[in-house]
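The values are calculated or read from the model by the stated rules, or taken from the named source; none is laboratory data. Since this is a predicted model, take the numbers as computed values, not measurements. Glycine gets a Cβ as well: all are built from the backbone with ideal geometry, and neighbour counts include every protein chain shown. What goes into the accessible areas is simple: the full protein's heavy atoms, side chains included, and nothing from ligands, DNA or RNA. Shrake-Rupley method; radii C 1.70, N 1.55, O 1.52, S 1.80 Å.
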Amino acid sequence: MRKTLLVGVVLTVAAVLVVVLSDMFDLKLDAVTLLGVSLGAVVALVPDRTPAMRLAGFAVGFVAVWVAYLLRAGMLPDSTGGRAFAVALVMVICVAVAALSMGRVPLWASLLGAAALTGAYEYTYSAAPAEVTGTSMTAATSLLMTAAFGFLVVALLAPGTDGEPAAPRAAQPRADDGEHHALDDMMETSK
């Protein structure tokens, strides 16, 4: 409990520090400070696989969304079909990386990375799709800076971030109906 309170207090101070430094140096990080610091903290706090694999997953989802925005602006129609294709592409990339890595890159981290950039950038993209190269770079760097700060602060203090993967959970018993459930097996190996 004390460790949790310590992490919470230090993370709060770190987030306030980001806002103050952003204002002092005109970094314009204010809009994504809470989002970025919180997401970085979550990646550090979740005791699932190694920190490197969690960061790799976050990066996969983040880059997949960035590519999807570039495709939406340059090649896909601004329609429901174009947006649906971009969403499907991101999801397929996230799932494929998790599956191809045999679960070493956690799917949740990829989805979190995808949600991070989408949450920080969708409004800006919708306002000016033609300016995607400049505006996406600004959003991405701002979000990555604040997320990295949150990750580093928490990784230094939080339990379960010592580089060791979390202990495997006990397998849940399931009713044996005589059928092989590939999806259930895949979900068990991804835990």
Subset tally (residues that are among the basic types (Lys, Arg) and either free of Cβ contacts under 8 Å to residues at least 12 places away in the same chain or at positive phi (or both)) for region 30-85: 2
Scope region 92-110; condition in contact with a helix residue (DSSP H, G or I) (Cβ under 8 Å, 6 or more places away or on another chain) and open to solvent by 60 Å² or more (accessible area, probe 1.4 Å); matching residues: 95, 102, 104, 107, 108
Tally of residues being open to solvent by 60 Å² or more (accessible area, probe 1.4 Å) and in contact (Cβ under 8 Å) with a residue 12 or more places away in the chain across region 128-137: 2
Residue 31 vs. criteria open to solvent by 80 Å² or more (accessible area, probe 1.4 Å), out of contact with any His (no Cβ under 8 Å at 6 or more places or on another chain), within 27 Å of residue 137 (Cα to Cα) and part of a helix (DSSP H, G or I): yes
Selection status of residue 39, under 24 Å from residue 16 (Cα atoms) and either of a type outside the set (Val, Ile, Thr) or surrounded by fewer than 16 Cβ atoms within 10 Å (Cβ to Cβ) (or both): yes
Test for residue 11: is it modelled with pLDDT under 95, surrounded by 21 or more Cβ atoms within 10 Å (Cβ to Cβ) and assigned to a helix (DSSP H, G or I): yes
Test: residue in region 168-180 that is at pLDDT below 55 and surrounded by 17 or more Cβ atoms within 10 Å (Cβ to Cβ): no
Yes/no for residue 60 being open to solvent by 30 Å² or more (accessible area, probe 1.4 Å) and part of a helix (DSSP H, G or I): yes
Matching residues in region 19-28 - criterion: being without any contact (Cβ under 8 Å) to a residue 12 or more places away in the chain and closer than 15 Å to residue 143 by Cβ: 22
Among residues of region 26-54, those that are touching a helix residue (DSSP H, G or I) at 6+ places or on another chain (Cβ under 7 Å) and among the basic types (Lys, Arg), counted: 2
In region 52-79, the residues that are closer than 25 Å to residue 101 by Cα and among the small types (Gly, Ala, Ser): 52, 56, 57, 59, 61, 64, 68
Within region 111-127, tally of residues that are open to solvent by 70 Å² or more (accessible area, probe 1.4 Å) and either under 14 Å from the mean Cα position of the chain (by Cα) or over 23 Å from residue 31 (Cβ atoms) (or both): 0
